[in-house]
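These notes concern the structure reproduced below.
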Amino acid sequence: MATNSESKFNSAVNVSELIAENKKKKSINNYMEKLVPAILFLLASITVLTTIGILYTLISQAVHFFMEVPILDFFTGTELKPLSQNPEFGILPLLNGTIFSSLIAILVAGPIGIMSAIYLSEYASDKVRRILKPLLEVLAGIPTIVYGFFAFTFVTPLIRSIWPQVEATNILSPGIVMGVMIIPMIASLSEDAMTSVPNGIREGSLAMGTTKLETTIKVVIPAAFSGIMASFVLAISRAIGETMIVTIASGSSKNFTFDLTQSMQTMTAYIVEVSGGEAPAGSTLYYSLYAVALTLFAFTLIMNLLAKYISRKFREEY
Amino acid sequence: MNMATDNKVQIEVSNDHTTTENNTTQKRVVYDTKNLNLWYSENHALKDINLEMKENEVTAIIGPSGCGKSTYIKTLNRMVELVPGVSTTGSIAYKGNNILDKSMNVEDLRTRVGMVFQKPNPFPKSIYENVAYGPKIHGIKKKALLDDIVEKSLRGAAIWDEVKDRLNENAYGLSGGQQQRVCIARCLAIEPDVILMDEPTSALDPISTLKIEELIKELKQNYTIIIVTHNMQQAARISDRTVFMLNGEVVEFSETDQLFSNPKDKRTEDYITGRFG
Amino acid sequence: MENLEALHENNKMNARVRKNSIWKSIFFLSTLFGLVVLVILIARVLFQGASWIDLDFITGRLSTNADRAGIMGAILGTVWVMLVVIPVTLIIGVGTAIYLELYSKKGTIRSFIETNISNLAGVPSIVYGLLGLTVFVRLMDFGNVVLAGGLTLALLVLPILIVSAQEALRAVPGHLSEASYGMGATKWQTIRRIILPAAIPSILTGSILSLSRAIGETAPLTVLGIPALLIPFPNGLFDTFTALPMQIYYWTIDASLVAEYANLAAATIIVLLLILFILNSVAIIIRNKYQQRY
Ligand SMILES: Nc1ncnc2c1ncn2[C@@H]1O[C@H](COP(=O)(O)OP(=O)(O)O)[C@@H](O)[C@H]1O
Ligand SMILES: [Mg+2]
């Protein structure tokens, strides 16, 4: 191809020729164009490796556990005595603690979160919302260890001063504090769902002389229902996986009980206790860690997938 | 305002064409488009285009919105490929080489064929870095040479005097018209043969538009210019030849004076007399 | 008669309007509830811990004696761990985001990786701890050192960083890369010189936010077996360490043994929250300063 050789400028150097020269050298650019996507692909596959690593770790070690403890006994056993002479490994006490703490949390965060969402989406002016929302998000940014400290040293004593039967470690206090922690999650996801309800629907109702409250309850919330549900499911999943608050404030009692004034251990707290203690690698106790973690992982994964499924359906509605 | 004196570039006469058989008054064909068809997935956007564009001429492309002007001009440097699902048939010979051929290196093509866009799109960098971008990515690293290129390109784009004291300031601080001339300077910096312009003045005020039109007349002595314009007066003012497109087809292609004073096709006449769309 | 009916109607309407405004107050108070708890929490921590913070506390070594205990070791541990987390998450996270946004074609591989990332974001942090324990501490035999802790936390916050980096890249307007391609630049040149520099402020903001998440994480570290009382300061990637949240954890659970430990925990929380506050402020400043100029 005949490159035209005249420079556009009256200059000693001919730029277009210089560039053509440089191109002939087939510089490192050509390698980079092939190399870079390959390297980036390898980096991107690290996230897939992480998933494989998690699954492999949990399953391969849990298998050892289930060779010693029958899977049915594990999932139906109400006795958890890992350290006794005749150890028993029933997960029900842990499931019980996990469900209790998450239930208390959602009982606190659900109503407050939704009511906050209603206020922010339906009542608050733009200015007020722009102040309140980031403040609420701060709650979600506080490290959970701080909430644990707060539950143990402040909320528990407070509850005990009102209700003396409550023990120094109990499931109630961490449940409540965990609820406070997940308020922003429910509030902001539910608010998103409510805000995306088309204004036409609202106006149609308001035009008929209904009050804002009636419109919100009869029109907006039903329209945003699946989005609100999804926020609940995600928040519960978050509560199930939460560790430090329950570890610190609910203690390590493995009783299978429904008494919320007592200490209950969650799956997460059990993992902290056993891994922090001197469980010899290779012992049933050590492997039980992975069986419990696998159960926990399955729970949260199912909840997350469920939330995704619900909110996808919700997006189809408009 | 006299752009020609502002612009101190000395112009070398380009008469050393190797094809000496050609009559010197006969200009070389730069782009020879034959039977070009283009589809965006199912949408047949260009239909059987046949056009010859000549060296050191300004060719204007006019036509109603959506008729395929941008699509065609972006095919000339294969930028249209950035849209997924584009397919073409036919050929476009650039100085004898079919650019639609898969073996064509698009980076080389785009080094020879510069482009100026509808909305001024300087990089969020200093004016200097904007103009030096092309030379740098093509391996020119010497500071003194870069300084030289930047000055000459900015002079070439008739904006040197306005920005020479603020070369290290962000290009976003300039007015829209100035930004567009920096974009032209950026394009000149690698000394392309052809400059493609897609409605370069549509986002600008009348005074900036006038400056750019003056500049285009200057540039045509050294560059082949293909310009899409929404503005028929502009086409009439600055171009040597004009293409009128409609619904993805070329309706008429002739000398600009001829096309505007004596259109052959009824549709062209309707369009230029404003009886259309 | 007619008047009476109108009056009756009016009363009903008034009742409905009153109900609306009562509920409005309830909704507002609910919104405030979370904030009130936040204020109580911070006030409580300040009240309990502020008087314990002095230069000796910041620069001192750990000690079982509450009056002499300091948190320099935990601060250095946290800093060392972050020196692992920052480069690892930035390289993997930005690399992954570039691959997903700019190289991978829309389709199966891309949606597979993206689904995978969003599922990873929902995995409880303690599970990452077990991954770190099994792979980094035991399998690779690093032991419970800075490197193992850093890598574990890096994997934990990676999904957050990837998603925010993807958003940052997506926000770079197409006309900038068009201009670059139009000059004959290759794809990688365009990414490296145009797209990435334009996205960097938002990427930084996202990485600071994911970093502050990593700084406060405790659960994975407890699983790695990070020690409670450690006298020597960490000095490299293969040194054992403790970190600020670990210190808070041990002092909190031991508060039943030595009452002053609760105050030490509160004081350490103040330091931790202050660090997070500064990081978040920096992120906000960067975001505001470089807000979309193009
Ligand atoms: N990126 C794109 N994807 C799909 N179709 C497009 C795209 N760009 C343009 N088109 C279609 O191609 C046709 C020509 O558009 P265009 O070349 O932009 O017209 P003009 O520049 O003359 O206004 C139009 O029908 C338009 O809808
Ligand atoms: Mg166009």
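The values are calculated or read from the model by the stated rules, or taken from the named source; none is laboratory data. All values derive from a computational prediction rather than experimental measurement. All Cβ positions, even for glycine, are placed from backbone atoms using ideal geometry, and neighbour counts span all protein chains on display. Surface areas here come from the heavy atoms of the whole protein model, side chains and all, with no ligands, DNA or RNA. Shrake-Rupley method; radii C 1.70, N 1.55, O 1.52, S 1.80 Å.
Some notes on this structure:
- Per the Debye calculation on chain C with a single equal scatterer at every Cα and no solvent contribution, log₁₀ I(q)/I(0) for q = 0.07, 0.13, 0.14, 0.17 Å⁻¹ amounts to -0.41, -0.99, -1.09, -1.34.
- Where N is the number of residues in chain A, Cα Rg divided by 2.2 N^0.38 Å: 1.45
- Neighbouring Cβ atoms from other chains, within 10 Å of the Cβ of residues in C:21-28, number 6 on average.
- Qualifying lysines (Cα of each under 19 Å from Cα of residue C:289; at least 8 residues distant if same chain): B:125
- Drop in accessible area of at least 10 Å² in the complex versus isolated chain, residues of region C:122-157, 1.4 Å probe: C:122, C:123, C:124, C:126, C:127, C:128, C:130, C:131, C:133, C:134, C:138, C:155
- Listed by number, the DSSP H helices of chain A that run 18 Å or longer by alpha-carbon position along their axis and have mean Kyte hydropathy of at least 1.6 are A:92-118.
- Order by protection proxy (mean Cβ within 10 Å, highest first), peptides A:305-313, C:196-204, C:150-158, A:243-251: A:243-251, C:150-158, C:196-204, A:305-313
- Members of A:24/B:141; A:24/B:152; B:136/C:187 lying beyond 20 Å, as alpha-carbon distances in this model show: A:24/B:152
- Chain C, dipole about Cα centre (Lys/Arg Cβ +1, Asp/Glu Cβ -1), debye to the nearest 20: 960
- Cross-link reach is defined here as a Cα-Cα straight distance under 14 Å, omitting same-chain residues fewer than 8 places apart; for residue B:164 the aspartates and glutamates meeting it are B:6, B:129, B:147, B:148, B:151.
- Of all accessible heavy-atom area on the protein assembly as shown, the percent that carbon and sulfur account for (1.4 Å): 60
- Buried area at the B-C interface (accessible, heavy atoms, 1.4 Å probe, summed, Å²): 1800
- Residues of region A:219-262 whose accessible area (probe 1.4 Å, heavy atoms of protein chains only) drops by at least 10 Å² once all protein chains are present, relative to their chain alone: A:241, A:243, A:244, A:247, A:248.
- Residue among B:169, B:129, B:218 with the largest mean-square fluctuation in a Gaussian network model of chain B, springs linking Cα atoms under 10 Å: B:169
- Peptide A:150-157, shielding by other chains (average Cβ, 10 Å cutoff): 4
- Pairs from B:54/B:217; A:25/B:95; A:34/C:105 whose Cα-Cα separation, in the structure shown, is over 21 Å: A:25/B:95
- Dividing the C-alpha radius of gyration of region C:2-52 by 2.2 N^0.38 Å, with N its residue count, gives 2.24.
- Kyte-Doolittle at least -0.5, axis length at least 18 Å by Cα - qualifying DSSP helices, chain C: C:2-49, C:72-98, C:108-121, C:146-170, C:196-216, C:260-289
- Cα pair count fraction exceeding 21 Å, expressed as % - region A:63-160: 60
- Among C:213, C:44, C:18, residue whose mean-square fluctuation peaks in a GNM of chain C (springs only between Cα atoms under 10 Å): C:18
- Gap separating the Cα centres of region C:219-275 and region C:104-171, nearest whole Å: 24
- Using the Cβ-Cβ distance between residue A:75 and residue C:79 with R0 set to 60 Å, the FRET efficiency from 1/(1 + (r/R0)^6) comes to roughly 0.85.
- 5 Å binning of all Cα-Cα separations within region B:25-272, expressed as whole percents from 0 upward: 1, 6, 14, 18, 19, 16, 13, 8, 4, 1, 0, 0
- Peptide C:190-202, shielding by other chains (average Cβ, 10 Å cutoff): 2
- When C and A come together, around 6300 square angstrom of accessible surface is lost from both chains combined, probe 1.4 Å.
- GNM result for chain C, Cα springs below 10 Å: residue of C:281, C:210, C:125 fluctuating most strongly: C:281
- Along each principal axis, Cα extent of the protein assembly as shown, largest first, Å: 107, 91, 55
- Excluding ligands, DNA and RNA, the accessible surface per residue across the protein assembly as shown is 44 Å² with a 1.4 Å probe.
- Value of [θ]222 nm, deg cm²/dmol, for the protein assembly as shown, DSSP H segments ≥ 4, -39500 (n - 2.57) each, nearest 500: -19000 deg cm²/dmol
- A versus B: buried accessible surface, summed, Å² (probe 1.4 Å, to nearest 100): 2200
- Cβ-defined net charge surrounding residue C:25, 14 Å radius [Lys, Arg +1; Asp, Glu -1]: +3
- Value in Å of the Kirkwood radius, where region B:101-245 supplies the Cα pairs that are averaged: 15.6
- Reachable lysines from residue B:266, criterion Cα separation under 25 angstrom, eight or more residues apart if same chain: B:34, B:47, B:69
- Pairwise centroid distance, computed over Cα atoms, of region A:243-301 with region B:140-205, Å: 66
- Other residues whose C-beta falls under 12 angstrom from the C-beta of residue A:250 contribute a net charge of -2, scoring Lys and Arg +1 and Asp and Glu -1.
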